[in-house]
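The values are calculated or read from the model by the stated rules, or taken from the named source; none is laboratory data. Note that this is a predicted model, so its numbers are computed, not measured. Neighbour counts are summed over all protein chains in view; Cβ atoms, including those assigned to glycine, are modelled from backbone coordinates with ideal geometry.
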Amino acid sequence: MPRNSLKLAVALSLLVTPLLSACGGSSAASDEKVVTVYSADGLKGENGDGWYDRIFKDFEKQTGIKVEYVEGGSGEMVQRAAREKPNPQADVLVTLPPFIQQADGKGLLQKYAPKGSDQVGDAGKSADGTWTSVVNNYFGFIYNKKELRQPPTTWEDLLDGTYKNKLQYSTPGVAGDGTAVLIKAMHDFGGEKPAMDYLGKLQSNNVGPSASTGKLAPKVDKGELLVANGDVQMNYAQSKTMPNLGIWFPAREGGRPTTFALPYAAGLVTDAPHTENGRKLLDFMLSQGAQQQVSAIGGGFSARQDIKATGADAEALTKIMHGVEVFEPDWDDIDEHLTSYVEAWKAATGS
């Protein structure tokens, strides 16, 4: 999914003075024709050609409501919304798990079931109605198809000297896809300790931290990196303009490749300055028209069960997922113990 990570300073400049002075849904600002979205990166295109680019443009044309967009890592967006809780600036928050659960636990989301959410499976929305998946997605890795004669297939492959200073993954606890590295490693290696032991060994090949996963794909495409983490939606969309990207799923030696669903989940911010506009945007995101464009434009999978993607992109995505075992993480456990897992990772890697 192309990730045009806007510089935070630029994004901040979009939040014009009336927004900064807004105090809540009852404010005069609630009448403004604007809606502010805080989102994890991945759905906005490198060249204005992503799913967000298309649906925001269509939404503005249909409603006259301008979308103000601020982008960063999932954890970064939740932390920012939490800091602003006494005076919310965002109307809609979009993050990957487990950060959407974290936002819910912090009281950052108010109950709202968007139109069409009845077509989203139970695993793709909260039981209390505070968030709903808008784009389904799966965690994965990427490699440079041009530089590597043979792609890696296992976690153990990545310990080879070939990947010394040519491998990088985004920071757990900050980026959603970085946190996903921990989740998949703990599943594949059978627990926290063996996973951290492995990641400690892998650190000798790791370039270092990255707050944004989206920034890694261009480095892989250019050959600056040979391997990085990512996700299917983002990387498939990026591959249309980055021809050297290949998507793969690490397996344990002798085992099957695995992955898990990592959807973009959206919620209405508590005491949002433009609550009604936020509701309208969430409805639009889950509308049949917007969801039918998820695969062809966004490179992802529709969140609605009643929409089946067809065409070349849908076939290519199905092929990527063929033979990959999909497991379901215990999100309640991850939400409860995320801080300790991240601390264990820091201790194991010296980060």
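Figure legend. Inter-residue proximity from segment 127-150: first residues free of Cβ contacts under 8 Å to residues at least 60 places away in the same chain, second residues in a loop (DSSP other than H, G, I, E, B) and among the hydrophobic types (A, V, I, L, M, F, W, C), beta-carbon distance below 9 Å, spacing 6+ or different chains. Indicated pairs: 129/113. Of the candidates 110, 119, 150, the single residue that is surrounded by fewer than 24 Cβ atoms within 10 Å (Cβ to Cβ), over 23 Å from residue 172 (Cα atoms), among the polar types (S, T, N, Q) and over 22 Å from the mean Cα position of the chain (by Cα) is 150. Being assigned by TED's automatic domain parsing to the domain that holds residue 184 and closer than 22 Å to residue 234 by Cβ holds for only one residue in 297, 334, 320, and it is 334. Within segment 185-199, is even one residue of a type in the set (Ser, Thr, Tyr) and within 14 Å of the chain's Cα centre (by Cα)? Checked segment 185-199: no residue is of a type in the set (Ser, Thr, Tyr) and within 14 Å of the chain's Cα centre (by Cα). Meeting the requirement of 3 or more residues that are more than 17 Å from residue 273 (Cβ to Cβ), the strands (runs of 3 or more DSSP E) wholly within segment 27-140 are 132-136.
The one condition from (1) at pLDDT 95 or above; (2) outside the structural domain of residue 75 (by TED's automatic domain parsing) that residue 178 does not meet is (1).
Does residue 271 satisfy being at pLDDT 95 or above, farther than 21 Å from residue 139 by Cα and touching a Gly at 6+ places or on another chain (Cβ under 6 Å)? When the stated conditions are applied, residue 271 passes them. If you check 123, 82 for being modelled with pLDDT under 95 and among the aliphatic types (A, V, I, L, M), only one passes: 123.
Tallying residues that are surrounded by 18 or more Cβ atoms within 10 Å (Cβ to Cβ), within 19 Å of residue 134 (Cα to Cα) and touching a residue at least 24 places away in the same chain (Cβ under 8 Å) within segment 55-68 yields 4. Evaluation of residue 181 against the conditions (1) touching a residue at least 40 places away in the same chain (Cβ under 8 Å); (2) in a loop (DSSP other than H, G, I, E, B) shows that the sole unmet condition is (2). Scanning segment 211-218 for any residue that is under 26 Å from residue 103 (Cβ atoms), modelled with pLDDT under 95 and crowded, with 22+ Cβ neighbours inside 10 Å turns up at least one such residue.
For residue 307, state whether it is of a type outside the set (Asp, Glu), over 24 Å from residue 131 (Cβ atoms) and at pLDDT 90 or above. No: the conditions fail for residue 307. Scanning segment 195-223 for residues that are closer than 17 Å to residue 45 by Cα, among the basic types (Lys, Arg) and part of a helix (DSSP H, G or I) yields one hit, 219.
Search segment 220-267 for residues being surrounded by fewer than 17 Cβ atoms within 10 Å (Cβ to Cβ) and acidic (Asp, Glu), and hand back the single one that is modelled with the lowest pLDDT. Only one residue fits best here, namely 253.
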